[in-house]
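Reviewing the structure listed below.
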Amino acid sequence: MKTLDEIMLSYKTDKSSEFHDYCSTYDKLFSSYRDKSITFLEIGLGNINEPNQGESILGFRDYFDKGWIVGIDVDDKSYFDQEGRIQTYQGSSDNSAFLKSVSLVEGGFDIIVDDGPHWRRHILVAFTTLFPLMKSGGTYVIEDTHCSYWQGWQGSPTTNDMDLDTTMNYFFWLCHCVNMQDPNVKNWPDVPSLALCTPTYSKDIESITFHRSLIIIKKK
């Protein structure tokens with residue numbers, strides 16, 4: 001049985017060990033899903049001028065050989081629909097109504113990989129819309145988070161100012177929300193109010209982990 005990296009190398013995608021090397025993490029992260037009838041979503045199917053980047057959806061189709069693979073892209077990528085077990089939708093990942101409609105049609109997702117435009121707005125609209133709609137036990141992955149330090153991608157190279165409105169700072173803050181929620185700690189002195197963390201979906205987060213250029217959020 002081929003590893004995900006071997007599969008992605010055959011499709012010449014930038015997720016393979018020849019570029020980003022995300023597959024070494026994904027093989028561990030996704031192994032328990034591999035033989036299950038999951039519903040998988042990839043946001044962003046490659047630059048229209050660099051079509052080889054888009055073939056990662058075929059790699060995920062091959063890796064999850066019992067899975068239903070869904071793709072979202074701002075450009076028309078319907079040619080992937082002819083490949084079997086793939087359905088694509090055209091729309092932007094910063095359009096919450098569009099994302100909700102896709103999730104409704106597909107019945108929710110077990111795994112979501114966000115490889116969209118990497119701008120803060122797109123990442124956070126997609127996450128705050130789709131994570132609450134994910135299936136229990138699901139895994140949400142945000143790729144290329146090094147872009148959070150690039151000003152052209154609504155980021156900042158400054159790392160010591162938590163007031164900056166960046167992708168990384170949002171998920172650092174979300175870590176506080178997760179760690180505040182110990183149901184057995186209620187009446188001790190100086191226990192902060194959970195009202196400080198407003199997103200209702202934070203109670204459904206099992207873990208947030210940071211890898212090189214990746215953020216991974218597990219749902220309870």
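The values are calculated or read from the model by the stated rules, or taken from the named source; none is laboratory data. Not measured: the values here are computed from a predicted model. For neighbour counting, all protein chains shown are included, and Cβ atoms are generated from backbone atoms with ideal geometry for every residue, glycine included. SASA here: full protein model, heavy atoms, side chains in, ligands and nucleic acids out. Shrake-Rupley method; radii C 1.70, N 1.55, O 1.52, S 1.80 Å.
Take the stretch 34-47 and flag every residue that is in contact (Cβ under 8 Å) with a residue 12 or more places away in the chain and open to solvent by 20 Å² or more (accessible area, probe 1.4 Å).
Within the stretch 34-47, Arg34, Asp35, Lys36, Ser37, Gly46 meet the criteria.
Within the set of pairs 6+ apart or on separate chains, which have a first residue in the stretch 134-149 that is without any contact (Cβ under 8 Å) to a residue 40 or more places away in the chain, a second that is assigned to a helix (DSSP H, G or I) and open to solvent by 10 Å² or more (accessible area, probe 1.4 Å), and C-beta atoms under 7 Å apart?
Within 7 Å, the pairs are Cys147/Trp153; Ser148/Met168.
Considering the stretch 75-93 alone, what residues qualify as being open to solvent by less than 70 Å² (accessible area, probe 1.4 Å) and modelled with pLDDT of 95 or more?
Ile86, Gln87, Thr88, Tyr89, Gly91, Ser92, Ser93
Would you mention how many residues in the stretch 1-21 are crowded, with 19+ Cβ neighbours inside 10 Å, part of a loop (DSSP other than H, G, I, E, B) and among the β-branched types (Val, Ile, Thr)?
1
Restricting attention to the stretch 62-83, which residues are touching a strand residue (DSSP E or B) at 6+ places or on another chain (Cβ under 7 Å) and not in a loop (DSSP other than H, G, I, E, B)?
Trp68, Ile69, Val70, Gly71, Ile72, Asp73, Ser78, Phe80, Asp81
Could you count how many residues in the stretch 147-178 are open to solvent by 50 Å² or more (accessible area, probe 1.4 Å), out of contact with any Gly (no Cβ under 8 Å at 6 or more places or on another chain) and at pLDDT below 80?
Result for the stretch 147-178: 14.
Tell me, which residue of the stretch 36-62 that is of a type in the set (D, E, K, R) and at pLDDT below 90 is farthest from the chain's Cα centre (by Cα)?
That would be Glu50.
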